[in-house]
1. Residue check, residue 234 against (1) over 18 Å from residue 73 (Cα atoms); (2) crowded, with 19+ Cβ neighbours inside 10 Å; (3) away from the ligand (no atom under 16 Å from the Cβ), all met but one. Which one?
2. Give me a count of the residues in segment 254-282 that are within 18 Å of residue 77 (Cα to Cα), in contact with a helix residue (DSSP H, G or I) (Cβ under 7 Å, 6 or more places away or on another chain) and more than 9 Å from the ligand (Cβ to nearest atom).
3. Considering each of 251, 226 in turn, give the residue that is more than 16 Å from the ligand (Cβ to nearest atom) and surrounded by fewer than 19 Cβ atoms within 10 Å (Cβ to Cβ).
4. Can you list the helices (runs of 4 or more DSSP H) found entirely within segment 96-178 that contain at least 1 residues being without any contact (Cβ under 8 Å) to a residue 12 or more places away in the chain?
5. Limited to segment 264-288, what total is found for residues that are within 18 Å of residue 209 (Cβ to Cβ) and in a loop (DSSP other than H, G, I, E, B)?
Ligand code: SF4
């Protein structure tokens with residue numbers, strides 16, 4: 001969806017003129033799950049929100065269908081979703097992802113051009129002067145731990161993988177600095193192997209959408225992986241994370257300016273007044 005485009009019965013993007021659903025036209029909700037689910041045509045959004053009771057009674061099939069519809073809506077909303085870390089090969093993405101812990105992608109992208117030039121391969125990280133390396137990555141925070149990870153990563157790649165980053169999750173998670181989240185980022189974005197990245201945004205949103213109640217990231221990954229087609233895992237992760245950054249904030253989500261509202265059991269956790277909600281929406285420019 002491009003800004004300004006609207007569809008009947010759903011919130012608009014940007015300045016919004018009416019709450020969802022329009023209070024004056026909202027009908028009493030049915031208590032029948034079947035009837036409620038049938039109100040969601042295969043290709044469109046439901047015409048009215050479900051009640052809490054109806055959400056609680058959603059069938060596994062209905063949840064899968066809704067998850068995929070959320071994915072389609074997010075794809076329209078954020079057609080430019082992508083990995084925001086700059087990289088040209090798996091090693092660079094591995095390094096950038098390690099540096100991004102407790103830091104912003106924007107901040108990491110400022111550090112990495114000089115870093116990648118100075119350390120072009122795994123052997124260069126393995127033999128790095130620690131003080132020099134720490135100084136180059138200092139602004140990303142936790143620079144001592146991150147320097148340890150980068151030196152360890154280089155050494156492990158040289159010793160065990162001929163200096164190449166392996167393309168298997170089981171191998172990646174054995175490398176210094178590589179948790180499962182980092183490994184999935186590398187797999188999905190550097191190797192094209194579908195992976196779900198569960199960060200704090202992703203976990204918060206899929207729980208708000210009641211796609212899962214799990215809090216353990218690995219369990220969240222598996223639960224959502226059962227709902228979303230495998231080929232979409234990587235892009236779904238990007239879209240959910242962007243939605244978390246721009247609209248569905250931890251505190252004060254912009255519910256009144258959220259196109260996912262008809263599919264969201266947590267609609268109303270944030271302001272539903274369109275004018276108030278619109279002020280909470282962030283754009284790509286806010287992260288440049
Ligand atoms: S309706 Fe509110 S809680 Fe639901 S996804 Fe949108 S912003 Fe988040």
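1. Residue 234 satisfies all of (1) over 18 Å from residue 73 (Cα atoms); (2) crowded, with 19+ Cβ neighbours inside 10 Å; (3) away from the ligand (no atom under 16 Å from the Cβ) except (1).
2. 4
3. Values: 251 fails: more than 16 Å from the ligand (Cβ to nearest atom).
Being more than 16 Å from the ligand (Cβ to nearest atom) and surrounded by fewer than 19 Cβ atoms within 10 Å (Cβ to Cβ) holds for just one of 251, 226, which is 226.
4. On the way: elements: 105-118, 122-126, 130-137, 143-161, 169-172.
Those helices (runs of 4 or more DSSP H) span 105-118, 130-137, 143-161, 169-172.
5. Going residue by residue through segment 264-288, those that are within 18 Å of residue 209 (Cβ to Cβ) are 264-270, 272, 277.
Restricting the remaining residues to those that are in a loop (DSSP other than H, G, I, E, B) gives 264-270, 272.
Qualifying residue count, segment 264-288: 8.
Since every read-out is calculated from the coordinates, none of them should be taken as a lab result. Everything numeric in this text was worked out from a predicted model, so none of it was measured. In this analysis, Cβ positions are derived from the backbone assuming ideal geometry, glycine residues included, and neighbour counts consider all displayed protein chains.
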